[in-house]
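S.K.: Dumping the structure here so I can ask a few things about it.
The values are calculated or read from the model by the stated rules, or taken from the named source; none is laboratory data. All values derive from a computational prediction rather than experimental measurement. Note that we place each Cβ from the backbone using ideal geometry, even for glycine, and neighbour counts take in every protein chain shown. These area figures cover heavy atoms from the full protein model, side chains too; ligands, DNA and RNA do not enter into them. Shrake-Rupley method; radii C 1.70, N 1.55, O 1.52, S 1.80 Å.
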Amino acid sequence: MTRSFTVTYDYLCPFARIANETIVEALRDGAPWDVEFKAFSLAQSHVEEGDPDVWDRAVGAPGTRGVRALQWSMAVRERFPDRFLDYHVRLFNARHSEAADVDDEDVLRAVAEAAGVDAGVVAETVAGGTPMKQLAEEHRELVDGWEVFGVPTFIDGDEAVFVRLMERHVVSDVERVLDMLEWSRLNEFKRTRIPR
């Protein structure tokens, strides 16, 4: 039986990398999941009340860290859906393994080309403004619908949980999170210190 769920991401977060990368690996290994990957802007979640939203600022302006990467990923997701998973993982790796600046268009172009995506088409799509509008819509939908405040958040129906998995490549951890989504009598389970 196929299990459908959503997971949020922002390339700035190492915990988003762990969850998203592991989900992609499981999908490639045949996991019976139908996954929707939704962008959530950590920059927007830190906007002070009364300040302009990140999508109302020029990309690259103060307070828009990570927004360009999200726009590029959304353009890839819409224009090259068969290449999205590869692009998605490569961009997380560029940020967290190579310490690349994911706000640098040259980095985004290189990742796109490595993933078999036409970077020119993606850049043109981003310049057209549609990915920024989609980012605003997705982010607001996540906040208004499930009160999402960070990444990664797993969503299944009405249930949403923010999770910090500690190890990469452990599919059973993701499976456990999915099973726990149904256990709604537990609201918070947080360690007082990071396990060693």
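S.K.: Using a Gaussian network model of the chain whose springs link C-alpha atoms within less than 10 Å, name the residue from ARG176, ARG68, ARG17 with the highest mean-square fluctuation.
M.R.: For the chain, modelled as a Gaussian network with Cα springs under 10 Å, the answer is ARG176.
S.K.: Provide the FRET efficiency to the nearest 0.05 for the ALA136-PHE162 pair, computing r from the beta carbons and using R0 = 25 Å. Walk me through the numbers before you get to the answer.
M.R.: Working: r = 21 Å, r/R0 = 0.84.
Once rounded, the FRET efficiency stands at 0.75.
S.K.: Continuing with the same structure: Assign unit charges at the C-beta atoms only (+1 for Lys and Arg, -1 for Asp and Glu), then state the dipole size of the range 11-93 relative to its Cα centre in Debye, rounded to the nearest 20.
M.R.: In total the dipole reaches around 340 debye.
S.K.: While we're looking at this one, here's another question. Which value in nm describes the separation of the simple spin-label points at ARG28 and ASP104, placed 7 Å from the Cα toward the beta carbon?
M.R.: Taking the simple label geometry, ARG28 and ASP104 are separated by 2.4 nm.
S.K.: Counting only residues 5 or more places away or on other chains, whose amide H sits under 5 Å from the amide H of TRP33 once H atoms are built in the peptide plane?
M.R.: Those lying under 5 Å, H to H, from TRP33 are ARG3.
S.K.: Out of ARG168, ARG65, ARG77, any idea which swings most in a Gaussian network model of the chain, alpha carbons joined below 10 Å?
M.R.: Per the Cα network of the chain with a 10 Å cutoff, ARG168 tops the list.
S.K.: When the Karplus curve 6.51 cos²θ - 1.76 cosθ + 1.60 is applied with θ = phi - 60°, which whole-Hz ³J(HN,Hα) does each residue of the range 99-105 get, with x for Gly and Pro?
M.R.: So the Karplus estimates, Gly and Pro as x, are 6, 6, 7, 6, 9, 8, 4 Hz.
S.K.: I'd like the FRET efficiency for ASP179 and VAL121, computed as 1/(1 + (r/R0)^6) with the beta carbon distance as r and R0 of 30 Å, rounded to 0.05.
M.R.: The pair ASP179/VAL121 has a calculated efficiency of 0.15.
S.K.: Under 11 Å from the Cβ of ALA110, count the other residues' Cβ atoms, weight Lys and Arg +1, Asp and Glu -1, and hand me the total.
M.R.: Numbers: positive: ARG90, ARG109; negative: GLU98, ASP104, GLU105, ASP106, GLU113.
So the surrounding residues net to -3.
S.K.: Relative to the present Cα-Cα distance, how much length would full extension add between VAL171 and ALA58 at 0.36 nm per residue of separation?
M.R.: Using 0.36 nm per residue and subtracting the Cα-Cα distance, I get 36.8 nm.
S.K.: Sticking with this structure for a sec: Normalised by the residues of the range 51-143, what does the relative contact order come to in percent, with Cα pairs under 8 Å and at least six apart?
M.R.: Normalised by residue count, the contact order of the range 51-143 is 32 percent.
S.K.: Taking the solvent-accessible surface of protein heavy atoms with a 1.4 Å probe, what is the per residue accessible area of the range 119-192 in Å²? Intermediate values should be presented prior to the final figure.
M.R.: On the way: 4900 Å² over 74 residues.
Per-residue accessible area for the range 119-192 comes out at 66 Å².
S.K.: I'd like the accessible area for ASP104: 1.4 Å probe, protein heavy atoms, all chains in place, Å² to the nearest 10.
M.R.: 60 Å²
S.K.: Considering the chain as a Gaussian network with a 10 Å cut-off on Cα pairs, which listed residue, ALA58, ALA43, ALA127, attains the greatest mean-square fluctuation?
M.R.: ALA58
S.K.: May I pose another question? So between ARG3 and GLU49, what do we pick up on full extension, going 0.36 nm a residue minus the alpha carbon distance?
M.R.: Additional length available on full extension: 12.8 nm.
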